[in-house]
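Working notes, beginning with the structure itself.
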Amino acid sequence: MSRYDSNPFEEDTVNPFANPGTVPPATSKLSPLPPEPYDRGATVDIPLDSGKDLKAKEKELQAKEAELKRREQELKRKEDAIAQAGIVIEEKNWPPFFPVIHHDIANEIPIHLQRIQYVAFTSLLGLVMCLLWNVVAVTTAWIKGEGPTIWFLAIIYFISGVPGAYVMWYRPLYRAMRTDSALKFGWFFLSYLFHIGFCVFAAVAPPIIFKGKSLTGILPAIDVLSGNILVGIFYFIGFGFFCLESLISIWVIQQVYMYFRGSGKAVEMKREATRRAMMAAV
């Protein structure tokens, strides 16, 4: 580039401190910005209904809150009425893999009665084990030629005995321990005595009421032992189960009766029975 060439940036060189009147118009390529239109009399539209909308929404929220409080009070009133009437909503939670009954000793039974309740529950499970083993032993006897009648009777004992024991004496005891009801204790004693009588009878199994060898008692065990040792062993194991179940059941009813007498429930039950008898007579 020759030193005589013109500077390409020379036209853009403008001294900012120079007098504006001395700067030639041709040397400035910057055009002034057009003036921004501004109207001093212009107004901004602000919606005046926003305050009314807020008040309306506030009233709506207050109405919903009042409705929720009303429903909550109504629900609490119903729950209190149910509790006073002694109605308890029992959710099935046992056994965990297939809940069929409600059972929560740790949270519903007073701590000083939990041991008795646990042993009573053990006696219920023991009866299930006794009747189940009775089916197994009688099945082996049927296979060895004792006939199908005793097997059908063993099935009937199991099907009727397990739910019958829960409904007749275990659930009344559970509710009696939970609510401390004298009448429920009375029903438990009546049903549990029948349960103990059945266990003692099954441990002996005389052929006077039930058919022959349909129960694994000591007498059928001795009888079948001479014909087949395996069947005899099965019957003797069943005899041991019924004996153990009888002992546990006797301990349970003894402990429950001691608590029943010591807590004054016997007098309360007599008073309640007398009052009901008088009302029935009137």
(request) Leaving ligands, DNA and RNA out of it, work out the accessible area of Val167 with a 1.4 Å probe and give it in Å² to the nearest 10. (result) 70 Å²
(message) Give me the one-decimal nm value for the distance between modelled label points at Val204 and Asp104, 7 Å along each residue's Cα-to-Cβ direction.
(response) 4.4 nm
(request) May I ask you to evaluate 6.51 cos²θ - 1.76 cosθ + 1.60, the Karplus curve with θ = phi - 60°, for each residue of the range 114-126 and list the ³J(HN,Hα) values in order in whole Hz, giving x for glycine and proline? (result) 5, 4, 4, 5, 5, 5, 5, 5, 5, 5, 5, 5, x
(request) Quick one: order Leu113, Leu225 from most to least accessible surface, probe 1.4 Å. (result) Leu225, Leu113
(request) Give me the distance in nm between label points sitting 7 Å out from Cα along the Cα-to-Cβ direction at Val162 and Leu244, one decimal. (result) 1.8 nm
(request) Quick one: which residues, 5 or more positions from Ile101 or on another chain, have an amide H under 5 Å from its amide H? H modelled 1.01 Å from N in the peptide plane, none for Pro or chain starts. (result) Asn93, Trp94
(request) Read phi for every residue in the range 242-259 and hand back ³J(HN,Hα) as whole Hz from Karplus 6.51 cos²θ - 1.76 cosθ + 1.60, θ = phi - 60°, with x for Gly and Pro. (result) 5, 5, 5, 5, 5, 5, 4, 5, 5, 5, 5, 5, 5, 5, 5, 5, 5, 5
(request) Leaving ligands, DNA and RNA out of it, work out the accessible area of Thr179 with a 1.4 Å probe and give it in Å² to the nearest 10. (result) 70 Å²
(message) I'd like the accessible area for Met258: 1.4 Å probe, protein heavy atoms, all chains in place, Å² to the nearest 10.
(response) 110 Å²
(request) Run the accessible area of the range 168-255 with a 1.4 Å probe and give the carbon-and-sulfur part as a rounded percent. (result) 75 percent
(request) Report the charge-dipole magnitude of the range 163-249 in Debye, nearest 20, computed about the Cα centre from +1 at each Lys and Arg Cβ and -1 at each Asp and Glu Cβ. (result) 300 debye
(message) Placing +1 on the Cβ of each Lys and Arg and -1 on the Cβ of each Asp and Glu in the range 81-159, which of Ile101, Trp142, Ile159 has its Cα farthest towards the positive end of the resulting dipole?
(response) Trp142
(message) As an exercise, use a Förster radius of 30 Å and the Cβ-Cβ distance of Leu193 and Leu132 to find the FRET efficiency, rounded to the nearest 0.05.
(response) 0.80
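The values are calculated or read from the model by the stated rules, or taken from the named source; none is laboratory data. Quick caveat, the model's predicted, so the values are computed rather than measured. Every residue, glycine as well, gets a Cβ built from its backbone with ideal geometry; the counts of neighbours run over all protein chains shown. Accessible surface areas use protein heavy atoms only, side chains included; no ligands, DNA or RNA. Shrake-Rupley method; radii C 1.70, N 1.55, O 1.52, S 1.80 Å.
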